[in-house]
1. Please state the charge dipole magnitude for the range 27-417, taken about the Cα centre, from unit charges on C-beta atoms (+1 on K and R, -1 on D and E), reported in debye and rounded to the nearest 20.
2. Shape call for the range 98-182 from the C-alpha gyration tensor, a ≥ b ≥ c root eigenvalues: rounded (a/c under 1.5), prolate (a/b greater than b/c) or oblate?
3. Mind checking which of 494, 483, 454 is farthest towards the positive end of the range 389-507's charge dipole, using Cβ charges of +1 (Lys, Arg) and -1 (Asp, Glu) about the Cα centre?
4. Quote the charge dipole size of the range 167-271 about the Cα centre in Debye, to the nearest 20; the model charges only the Cβ of Lys and Arg (+1) and of Asp and Glu (-1).
5. Would you check the accessible area of residue 278, probe 1.4 Å, heavy atoms only, in square angstrom rounded to 10?
6. Going by accessible area, probe 1.4 Å, with all protein chains left in place, what is the ranking of 158, 87, 504, largest first?
7. Rounded to whole Å and sorted largest first, list the principal axis extents of the Cα atoms in the range 27-417.
8. With each run of n ≥ 4 DSSP H residues scored as -39500 (n - 2.57), what mean residue ellipticity at 222 nm is computed for the chain after dividing by its residue count and rounding to the nearest 500 deg cm²/dmol?
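The values are calculated or read from the model by the stated rules, or taken from the named source; none is laboratory data. Computed from a predicted structure; not experimentally measured. Backbone-built Cβ (ideal geometry, glycine too); neighbour counts: all protein chains shown. What goes into the accessible areas is simple: the full protein's heavy atoms, side chains included, and nothing from ligands, DNA or RNA. Shrake-Rupley method; radii C 1.70, N 1.55, O 1.52, S 1.80 Å.
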Amino acid sequence: MNLYRQFRMILMLWVTACSVASSAEKMPPNILFIFSDDHAYQAISAYNDPRKLLETPNIDRIGKEGMLFHRCLVPNSICGPSRAVVMTGKYNHLNGFVNNSNCTFDGTQQTFPKLMQAAGYQTAIIGKWHLGSNPTGFDYWHILPGQGVYYNPPMIEMGVTKKQQGYVTDIITDETLKWLKNRDKTKPFLMMCQHKAPHREWEPPLRYLNHDGGRKYEEPATLFDDYENRGFAVKDQDMTLEKTITPKDMKLVTPPQLNDAQRAEWEAYYGPRNEAFLKEKPQGKDLVRWRYQRYMHDYLACVKAVDENVGRLLKYLEDEGLADNTIVVYSSDQGFYLGEHGWFDKRWAFEESIRAPLLIRWPGIAKPGTSSKEIVSNLDFAETFLDAAGLPIPADMQGHSLKPVLQGQTPADWRKSFYYHYYEFPEPHHVRPHYGVITDRYKLLHFYAPDVDYWELYDHEKDPNELRSFYGDPDYTKVTDELKTEVQRLRVELKVPEKEDPSMYGGRAQGKKKQTPAAE
Ligand code: CA
């Protein structure tokens, strides 16, 4: 090779390298949003629950390589409403999806995927959608109908229903990887990978049927809460391990979706254990204890599969050289009770329900291994993603971009209080509508409908397990007055209607009798 040809080759290599580098610089970051359903922060090892329920190394890794958020609060702690908040960056009284019972998401409204799609992002959603109408703003969608099922689930791909074989969490990840592999590599992507797990009825992958080797899980301190020192709503709920949980929840009934080989494997695990339970017939507290152990076994097996599948996605990003230019978010649509107060489910403004897990890896922005106790919310996701894409943030969104918090530069005027509003009543679970304000130390809640009207005040410093309302205690008069002013200020700022239509509580089951486990 003569000198000229050598020089020309070196020059060409350099030009190519420069153009690759500059296009990488110009390319806005990809966003991989991994969202699960009903995943309690207590069941993520990074959150250090005293019970040490399980290890989630892959989810934890997102926090280790980015930021772990300790107080990500949701505006309305149930599935559909929470998803509508994520899509719109608005409270439910403005996005129209206030409850799971009689709402359909208006897909013509502004959402962050639509804005990102219009700006040149490739957008896709795979997995649980749960908003009634078909997804809009996505180049590709492949969703579970409604709540979906765990085993061999039907899925709707761009309007066409197909039955899949296998376990739902694996399938959603397989489909996510398939889309990522076949995407247009000249464009940045927004991928929303949304799991059904670990939603009720907590059906484990067959490979994790004996994942804990029969471990006895430590019970939460409030498993046998008597609901004293609080108002009527807490006493009148229907979400207990004692009264509400069903034989299906407890795996005393075989799920109908299993094929013959799967059923044999499933029954080989549960069959002898169920026989022993039916023979022993535990009663009272012993029965609650048995149910708690079964619940933890099943729920944690579902989480284990979510964590494993998060690992598959992280590995793909690494293998493809995408990790440095991809924001990875792990969160869930709300928190969940893992036996605290004797409960499963969510809905309340209380801590286990209102706090969603949130871990974000954003290379170059979030310093690895950091954490934040600021009050953030899934209301902030839309604005964070638009900010990441360098797009303008619409004035009618109600959150804040998390970028400065991730950079360790939380603005001085960052929110110090958070507005909560839950509507769905009476079914399921009989939790009365309430709204309120939450600060780092206090919660002031108003239970206001349809047949109650009273306030409660919680003080986390004195009562971390939320076992007592201090409302009306003379020592708390000043703080109560301040919080009442604050909640009213927030209602005005957030455009909460003063009067609401009772249909907002959910029409489907109005007047239906409370569930009784015996009837199910
Ligand atoms: Ca949920």
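1. That gives a dipole near 140 debye.
2. The shape class here is oblate.
3. Comparing the listed Cα positions along the dipole, 494 ranks first.
4. Approximately 700 debye in magnitude.
5. About 100 Å², rounded to the nearest 10.
6. The most accessible residue leads, giving 158, 504, 87.
7. Rounded to whole Å, the extents work out to 63, 51, 41 Å.
8. Rounded to the nearest 500, the figure is -10000 deg cm²/dmol.
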